[in-house]
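Below is one structure; the comments refer to it alone.
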Amino acid sequence: MSDHDLEGSRRDGLRSEGESNRSSLRAEWQSRNVDARSRSWLETDAAYFMHQSLSTPCIDVLARCQGAYLETLQGKRFLDFHGNSVHQVGFGHPKVIEAVRRQMETLPFCPRRFTNVPAIELAKKLALLAPGDLGKVLFAPGGTSAIGMALKLARMATGRFKTVSMWDAFHGASLDAVSIGGESLFRRGVGPLLPGTEHVPPPDPRHCPFACGNTCTARCADYVDYVLDKEGDVAAVIGETVRSTPYIPPPDYWTKIRKACDRHGALLILDEVPNCLGRTGKMFACEHYGMIPDMLVIGKGLGGGVFPLAALIARPDLDVAPDFALGHYTHEKNPVGCAAALAAIEVVETEGLCARAAELGVYALERLAELKTRQPAIADVRGIGLLLGVEVDAGGGDTAALAERALYAALEGGLSFKISMGNILTLTPPLTISRDELDAAMDILESALALAARGITRGPESGPDRT
Ligand SMILES: Cc1ncc(COP(=O)(O)O)c(C=O)c1O
């Protein structure tokens, strides 16, 4: 890649899945907040791990996480409104930890020729919970792999290979997943991707090529029908039911696409890897849309925040490839992961976390809307359940830099979140969070935005720099 291309991809990287790990703002934050011992560990991390966007070189070293909090080696605590979307039940939920501990003592692994009770119970539970007749399950050690299985199954079931997916989408970082994904950070410069992976605009009214303005008219859903018609032989449409950014499609978006798929013989695969198990206020996000996909892919929090686990849940009549290896992952039915998942689902159900996410989400969104009236740097606030977004705009200035300042000011105040697409502060707290913790986070966010809008990341009241 030329220097020019590299610079371009760094800029696009900023409009993607997180902040740059090489910015001067990060270096400044570290110089103030990271002590010599942690800095030494960070240097060792950077010496032994490959450097890549969004991870190494890392920002700090963690020692523990509990509930809604991360704690660094030197004892600094952050309310974690990011959690890589694994912490629906909070970090280290005692029921999950106990289930894992118990399982590790009896059956910590299961070779693929065998099955085990936690795996069977989990498959049965997911089939019971999933909407409609979705009832045949395959597990994988991560969302990316589960997406890969869904793509293979779509080919097997339809005899077709083409897909239609969304620009800006993320479905994982492997070559098949980035082929259907739509973020240049993951696609650019890596060479040929899968053939037949067509892309359409996502339901993002603020950047809509159909110029629908600030309210989605679902014309992009009509366009999916058009593309399916023109292509004629598409195996599957695949999309994130709600994009974590968040982009929240209007109520008729998925019903339109569902009908278009049916008209053209394409399957509908919905990716709910980060947003399943209650995040949006329902167990599965597609329950908000009154239609049922042919396949649902879930992951992340499914492993209770302790184990990498994802699942493909499909219509029973798609069980059509008994002689083909759809998954074949070593940890396919790992009993420890399945025990963690069963415990996590039990927590979601017994602690009423779907209803809790819906209720706290309404409250949080009201607070954000109120903040928007006082903070001109906020261009939009939106959310569904406890998936919340604050879109910032520097009004002609450098918006990505504004978002980054807000992040580092928030970290300074003890709140961690993700920046999506360069300018959307994405807030995904645990669903177990208390109202007080939520209020504390909103206060930190408000102060952080005020500082960021003034071009700084800390006020005079902040403590002295660390050396
Ligand atoms: C929507 C979506 N799909 C798939 C994935 C990939 O999941 P994993 O990282 O577990 O492979 C992610 C991860 O962030 C995601 O957000």
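The values are calculated or read from the model by the stated rules, or taken from the named source; none is laboratory data. As the structure is a prediction and not an experimental result, all values here were calculated from the model. All Cβ positions, even for glycine, are placed from backbone atoms using ideal geometry, and neighbour counts span all protein chains on display.
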message: Looking only at the range 47-81, how many residues end up being closer than 23 Å to GLU272 by Cβ and more than 16 Å from the ligand (Cβ to nearest atom)?
response: 1
Among (1) touching a Leu at 6+ places or on another chain (Cβ under 8 Å); (2) farther than 30 Å from PRO94 by Cα - the single one LEU296 does not satisfy: (2)
statement: Within the range 161-178, the count of residues that are touching a helix residue (DSSP H, G or I) at 6+ places or on another chain (Cβ under 8 Å) and more than 20 Å from CYS220 (Cα to Cα) comes to 7
- request: Spot the failing condition for GLU183; the list is (1) closer than 25 Å to LEU318 by Cα; (2) in contact (Cβ under 8 Å) with a residue 40 or more places away in the chain; (3) crowded, with 17+ Cβ neighbours inside 10 Å, and only one is missed.
  value: (1)
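Residue by residue, here is whether (1) more than 30 Å from TYR329 (Cα to Cα); (2) at pLDDT below 95 holds:
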site	(1), (2)
SER24	yes, yes
ALA27	yes, yes
ASP35	yes, no
ARG39	yes, no
ALA63	yes, no
SER85	no, no
VAL96	no, no
CYS110	no, no
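Taking the criterion of being surrounded by 15 or more Cβ atoms within 10 Å (Cβ to Cβ), more than 16 Å from the ligand (Cβ to nearest atom) and free of Cβ contacts under 8 Å to residues at least 12 places away in the same chain, would at least one residue in the range 206-213 satisfy it?
Yes, that holds for at least one residue.
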Yes/no for ARG279 being closer than 23 Å to SER85 by Cβ and not in a strand (DSSP E or B): yes
message: Regarding the range 253-261, can at least one residue be identified that is out of contact with any Ser or Thr (no Cβ under 9 Å at 6 or more places or on another chain), among the small types (Gly, Ala, Ser), closer than 30 Å to PRO429 by Cβ and modelled with pLDDT of 95 or more?
response: no
Residue among LEU70, LEU122, LEU79, LEU134 that alone is buried (at least 20 other Cβ atoms within 10 Å of the Cβ), at pLDDT 95 or above, farther than 22 Å from GLY305 by Cβ and in contact with a Leu (Cβ under 8 Å, 6 or more places away or on another chain): LEU134
task: Quick one: which strands (runs of 3 or more DSSP E) lie wholly within the range 53-109 and hold at least 3 residues that are in contact with a Lys or Arg (Cβ under 8 Å, 6 or more places away or on another chain)?
output: 69-72
- prompt: Of all residues in the range 286-297, how many are closer than 20 Å to THR163 by Cβ and either aliphatic (A, V, I, L, M) or out of contact with any Phe, Trp or Tyr (no Cβ under 9 Å at 6 or more places or on another chain) (or both)?
  reply: 6
message: So the check is Cβ under 6 Å with 6+ separation or different chains; which pairs have a first residue in the range 161-174 that's modelled with pLDDT of 95 or more and a second one that's more than 14 Å from the ligand (Cβ to nearest atom) and in a loop (DSSP other than H, G, I, E, B)?
response: PHE161/GLY196; LYS162/GLY196; TRP167/PRO201
statement: The residue that is farthest from ILE345 (Cα to Cα), considering only those in the range 257-276 that are assigned to a strand (DSSP E or B) and not hydrophobic (A, V, I, L, M, F, W, C), is ASP271
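Just to check your reading of the model, which residue among ALA357, ALA364 is crowded, with 22+ Cβ neighbours inside 10 Å and under 21 Å from ARG206 (Cβ atoms)?
That would be ALA364, the only listed residue that is crowded, with 22+ Cβ neighbours inside 10 Å and under 21 Å from ARG206 (Cβ atoms).
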message: Can you pull out every residue in the range 205-233 that is closer than 15 Å to ILE248 by Cα, modelled with pLDDT of 90 or more and charged (D, E, K, R)?
response: ARG219
- prompt: Within the range 82-106, can you find the residues that are buried (at least 18 other Cβ atoms within 10 Å of the Cβ) and away from the ligand (no atom under 16 Å from the Cβ)?
  reply: VAL89, GLY90, PHE91, HIS93, VAL96, ALA99, VAL100, GLN103
query: Which fully enclosed helices (runs of 4 or more DSSP H) of the range 119-205 have 2 or more residues being away from the ligand (no atom under 16 Å from the Cβ) and over 22 Å from the mean Cα position of the chain (by Cα)?
result: 143-158
message: For the list (1) within 16 Å of the ligand (Cβ to nearest atom); (2) in a helix (DSSP H, G or I); (3) within 15 Å of ILE257 (Cα to Cα), I need the number of the one condition that ASP222 fails.
response: (1)
- prompt: If you go through the range 290-325 one residue at a time, how many are outside any helix (DSSP H, G or I) and away from the ligand (no atom under 16 Å from the Cβ)?
  reply: 13
- request: Determine which single condition THR280 fails, assuming it passes every other condition in (1) crowded, with 19+ Cβ neighbours inside 10 Å; (2) away from the ligand (no atom under 12 Å from the Cβ); (3) more than 15 Å from the chain's Cα centre (by Cα).
  value: (3)
